[in-house]
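The values are calculated or read from the model by the stated rules, or taken from the named source; none is laboratory data. Since the structure is predicted, the reported quantities are computational estimates derived from the model, not experimental observations. Because the Cβ atoms are built from the backbone with ideal geometry, glycine has one as well, and the counts that use them run over all protein chains shown. Side chains included, ligands, DNA and RNA excluded: accessible areas come from the protein's heavy atoms. Shrake-Rupley method; radii C 1.70, N 1.55, O 1.52, S 1.80 Å.
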Amino acid sequence: MPKILVVADEAWVVNDVHAALAEASYQVTVLDDPADLADTYRDVEPDVVILDLQVGSMGGMAGTREIRHVAARDGTDPAPVIVLLDREADGFLAKRAGATARLRKPFNGFDLRDLIDTLTAGEPVAATAE
């Protein structure tokens, strides 16, 4: 069962992710305080991380970089990161931060599940939904 770490503090974002993943076999952990990201990432060992672009004091860009730093310090490969964008223009920043994929809010649940399934299968993401 793939482990998904969702980093978001807006209830509607968390609800939309849960709704998208409800009928699939995923173990979902939600973190609403990105200050705990490094410790939670290590504890959960997620297969995919979903980061909201704007969450608390550390948004999707800083969170993506944090995950990459934690993995580098631990000598592991970083989990794929999906950044949930507020606007299409933010895709450039997500890519520069090292995000594996980007999805624009509000997102389609089928698109999110397909993206997660592609990433957990180890397949490259051909195109990112924005």
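Listing for the model above:
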read-out: Criterion: open to solvent by less than 70 Å² (accessible area, probe 1.4 Å) and either part of a loop (DSSP other than H, G, I, E, B) or farther than 24 Å from GLY122 by Cα (or both) - qualifying residue of ASP90, ASP77; value: ASP90
read-out: Per-region count, region 93-130, residues without any contact (Cβ under 8 Å) to a residue 60 or more places away in the chain, among the hydroxyl-bearing types (Ser, Thr, Tyr) and part of a helix (DSSP H, G or I); value: 1
read-out: Residues that are within 20 Å of LEU103 (Cα to Cα) and open to solvent by 70 Å² or more (accessible area, probe 1.4 Å), drawn from region 30-56; value: ASP32, GLN54
read-out: Count of residues meeting criterion [open to solvent by less than 60 Å² (accessible area, probe 1.4 Å) and either under 12 Å from the mean Cα position of the chain (by Cα) or more than 20 Å from ALA121 (Cβ to Cβ) (or both)] in region 11-29; value: 6
read-out: Unique residue being touching a Gly at 6+ places or on another chain (Cβ under 9 Å) and either of a type in the set (Val, Ile, Thr) or touching a residue at least 12 places away in the same chain (Cβ under 8 Å) (or both) when the list is ASP86, ASP47, ASP74, ASP32; value: ASP32
read-out: Qualifying position, being among the hydroxyl-bearing types (Ser, Thr, Tyr) and in a helix (DSSP H, G or I), among THR29, THR40; value: THR40
